[in-house]
Structure formats: C-alpha cells, structure tokens
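Accompanying notes for the structure given below.
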Amino acid sequence: MSNASNATVQPPRLGFLGLGWIGQHRMQALLDEQACQVAVVADPSPQAQQRVRKLAPGAALASSLDELLAHELDGVVIATPSALHAQQSLRCLERGLAVFCQKPLARTAAETAAMVEAARRADKLLGCDFSYRHTEAMRRIRNSVVEGEIGSVYAADLVFHNAYGPDKSWARDPQLAGGGCAIDLGTHLVDLALWVLGFPEVARVDSRLYAQGRLLEPGATEVEDYAVAQIELATGATVRLACSWNFSAGCDAAIEAHFHGSRGGVAMRNRNGSFFDFAAERYHGTQRVSLAEPPDAWGGRAIVDWARRLAARSGFSPAIEPAVQVATVVDRIYGR
C-alpha cells in the first residue's frame with residue numbers, strides 16, 4: 001500500500017468570522033468532531049475573544065477580515081450580519097478559500113447567485129447552514145417522500161413560530177437583514193419544502209406580510225414579524241408557509257413540516273415547544289408510525305459535513321446551486 005494511502009487526512013485550517021452564539025456553537029461542533037484546526041478568529045467583541053481562548057487557546061485573534069485573510073487558511077466560516085455575507089464570502093472565494101456561511105446565504109437571489117458563481121469559478125467548496133435538513137426527523141421524512149412511501153405529494157404545510165425576536169438591531173433593518181421573519185425563519189421552511197420535493201420549478205408565489213398586526217405594503221421600510229405564503233409548484237403541488245417572531249404560541253416555538261401524499265402523510269414536529277427536539281411520524285388514515293424521536297444532536301452536522309469534504313479536497317459542489325432557487329422564492333415572498 002502506498003504512503004499516500006496511509007497518509008492521515010489533516011483537518012482543514014479554518015478562520016472564523018463572527019463568534020456570536022451560532023458561530024460559537026458551530027465552532028464547538030467542529031472541535032468535538034476533531035474536524036478542523038481553528039487557526040484564527042475575527043470578532044470585535046471582548047466576550048467573543050474570551051470564548052475563543054477557552055474553546056481554541058491556540059487560535060490567533062484578528063480585528064478584521066483583512067487580518068484574518070493574512071493567515072494561511074483552507075477555508076472561512078462566516079457568522080456575521082446578513083448584509084455582510086455576500087461581500088465577505090466573495091472576498092474569501094476570490095482568495096481561493098472555501099466558505100461555510102450562515103443562512104440566509106445572502107439578502108437577495110442576485111447576491112446569492114453571485115456567491116455561487118464565484119465558488120464555481122474558483123472551484124471552491126461553498127456551504128450554507130441549512131441545518132434543519134440534518135435533523136434525523138427531516139432525513140426520515142425526505143426518505144419517505146423520495147422512496148414513494150406516501151405516494152405522490154400534492155401539498156405541504158410548514159410553520160416556524162418563534163415566541164422571541166432577534167436581539168440584534170440589524171436584524172430588524174431591511175437593508176441589513178434583507179427582511180424580517182420571512183428571510184430569517186422562512187428561508188428554512190422554503191429550503192425544507194423544496195429539498196424534500198426535489199427542487200421542482202416554482203410556478204407562482206403569493207404572500208402577505210404583517211408588522212404588529214398591520215398588513216404591510218410592498219416595499220415597506222418596516223420588517224415583518226408575521227408572514228404567510230402559498231407556493232404553487234409546476235408539479236401541481238401546493239406549499240403553504242407561515243412564520244413569525246414574538247408569536248403568542250404558549251411555548252418557545254412551534255416548528256412543523258407536514259407533507260400530504262396520495263397514499264398517506266409524514267410530518268416533523270418540535271417536542272414541547274423546543275427549538276432543538278424533533279420527532280417524525282408517518283400517517284395512513286388514523287394510524288401512525290414513529291420515524292424519529294429525540295434526542296438528536298443535529299446542530300453541527302451541516303458544518304462538520306462541509307469540513308470533512310474540505311479535508312478530502314472537495315472543490316465546488318453543485319449541491320449549493322439550489323440555494324439560488326430558495327433565495328428567489330424568498331425574493332418573491334417580498335415582492336422583489
């Protein structure tokens with residue numbers, strides 16, 4: 001056997017841009033799986049810098065993206081405000097670095113397409129944290145649909161109601177965030193629906209956006225805290241979405257995805273209002289079969305998968321291309 005075959009695959013050297021709650025969680029997931037080397041972190045927060053010293057004491061600290069890019073890296077993990085995702089990702093890709101970016105990948109479909117094209121041109125791995133795909137519940141649901149267990153899917157209903165709202169001011173600025181709850185939470189719902197159904201062509205999108213109970217006009221400068229949308233697919237199927245911030249749901253969150261087929265149905269639901277615990281079931285008439293139950297440590301699976309593919313020297317992956325379709329549907333929800 002050759003020396004090359006015996007060689008140990010080295011985990012990639014990564015830079016982390018932004019280390020808020022989500023950035024810290026994703027770094028921890030990578031470290032738990034020994035899936036990366038934390039080379040450098042850039043975050044202006046002293047609290048974030050203290051967290052870095054605890055999680056990765058050998059990591060260098062940078063005060064800007066320029067300083068971060070001065071280090072020898074294989075890729076960059078971006079967990080900054082949405083308005084910065086596109087420009088920061090483009091700079092990293094143009095420097096020949098792979099990128100894993102938080103959702104939304106960008107504020108608009110045009111920005112998203114530019115990022116995907118830059119990754120293709122550079123032949124670099126671009127990943128997005130569509131994390132709910134990686135729950136065991138959604139994996140089992142997609143398998144049931146793909147394998148035809150519930151027949152032809154003709155309708156889907158997905159909801160994400162959050163009893164809380166974002167605690168960062170930029171998240172309520174449409175110029176910085178790209179919108180309100182529809183881009184923050186609805187992006188996950190659009191992605192899940194299209195991913196389960198194989199990314200079919202979208203024929204029509206109708207929506208309504210509300211702020212504190214008031215219907216918003218197209219182009220409003222105030223972001224929505226409640227959104228509903230109906231998506232008509234070229235297959236004839238209908239997808240209905242609803243999402244909200246600061247919703248009076250009697251619990252922390254209501255997160256569900258139901259798929260209705262000609263021979264039955266499947267559904268994912270969060271347990272006891274949890275943001276983290278999900279169960280899946282398959283239905284036939286009044287009968288139900290459990291497909292998945294918590295606990296399920298799913299939060300870091302997307303980034304760990306990306307890091308392992310990067311370690312294996314994966315270049316551009318077409319798997320990121322449907323992110324443009326997801327962003328296009330979100331644009332249409334906003335009437336853009």
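Phi angles of the range 156-173 translate, via the Karplus equation with coefficients 6.51, -1.76, 1.60 and θ = phi - 60°, into HN-Hα couplings of 8, 10, 10, 9, 8, 10, 10, 5, 10, x, x, 9, 9, 4, 4, 5, 10, 10 Hz per residue; Gly and Pro are given as x.
Kirkwood hydrodynamic radius of the range 40-149 from all distinct Cα pairs, in Å?
Numbers: mean 1/r = 0.0639 Å⁻¹.
Final number for the Kirkwood radius of the range 40-149 is 15.6 Å.
The share of accessible area on the chain that comes from carbon and sulfur is 48 percent, using a 1.4 angstrom probe. Just checking the listed ones, ARG121, ARG140, ARG282: in the Gaussian network model of the chain with Cα springs under 10 Å, the one fluctuating most is ARG121. Between GLY178, GLY285, GLY20, the Gaussian network model of the chain with springs among Cα atoms under 10 angstrom shows the greatest mean-square fluctuation at GLY285.
Cross-link reach is defined here as a Cα-Cα straight distance under 28 Å, omitting same-chain residues fewer than 8 places apart; for LYS168 the lysines meeting it are LYS54, LYS103.
What separates the Cα centres of the range 251-274 and the range 53-129 is a distance of 33 Å.
Rank by packing, highest mean first: peptides 303-316, 85-98, with packing defined as the count of other Cβ atoms within 10 Å averaged across residues. It would help to have the intermediate numbers written out before the result.
Details: 303-316: 18.3, 85-98: 20.6.
Peptide ranking by packing, descending: 85-98, 303-316.
Rounded to the nearest whole Hz, the Karplus-based 3J(HN,Hα) values (6.51 cos²θ - 1.76 cosθ + 1.60, θ = phi - 60°) of the range 128-134 follow the sequence 10, 7, 7, 5, 5, 4, 8, with x at glycine and proline. The phi-based Karplus calculation (6.51 cos²θ - 1.76 cosθ + 1.60; θ = phi - 60°) puts the 3J(HN,Hα) values of the range 103-120 at 7, x, 3, 7, 7, 9, 5, 5, 5, 4, 4, 5, 5, 5, 5, 5, 5, 5 Hz, whole numbers, x for Gly and Pro. Considering only ALA242, ALA119, ALA56, the Gaussian network model of the chain with Cα springs below 10 Å gives its largest mean-square fluctuation to ALA56. Computed with a 1.4 Å probe on the full set of protein chains, the accessible area for LEU215 sits at about 80 Å². Only alpha carbons enter this Debye calculation for the range 194-318, each as an equal point scatterer, and the log10 of I(q)/I(0) it gives at q = 0.12, 0.14 Å⁻¹ is -0.72, -0.96. Accessible surface of SER45, taken over heavy atoms with a 1.4 Å probe and every protein chain present, rounds to 30 Å².
The long axis of helix 46-55 is offset from the longest Cα principal axis of the chain by roughly 80 degrees. Based on alpha-carbon atoms, the Kirkwood radius and the radius of gyration of the chain give Rg/Rh equal to 0.97. Charges were assigned to the Cβ only: +1 to each Lys and Arg, -1 to each Asp and Glu. The resulting dipole of the chain about its Cα centre is roughly 380 debye. Ordering VAL239, GLY261, SER274 by the projection of their Cα atoms onto the charge dipole of the range 218-281, which places +1 on the Cβ of Lys and Arg and -1 on the Cβ of Asp and Glu, puts GLY261 at the extreme positive end.
Return one whole number: the accessible area per residue of the chain in Å², for a 1.4 Å probe. Display every interim value, and only then the final one.
Working: 15490 Å² over 336 residues.
Per-residue value: 46 Å².
The values are calculated or read from the model by the stated rules, or taken from the named source; none is laboratory data. No experiment lies behind these values; they were computed from the predicted model shown. Because the Cβ atoms are built from the backbone with ideal geometry, glycine has one as well, and the counts that use them run over all protein chains shown. Please note that ligands, DNA and RNA were not included when accessible areas were found on the heavy atoms of the full protein model with its side chains. Shrake-Rupley method; radii C 1.70, N 1.55, O 1.52, S 1.80 Å.
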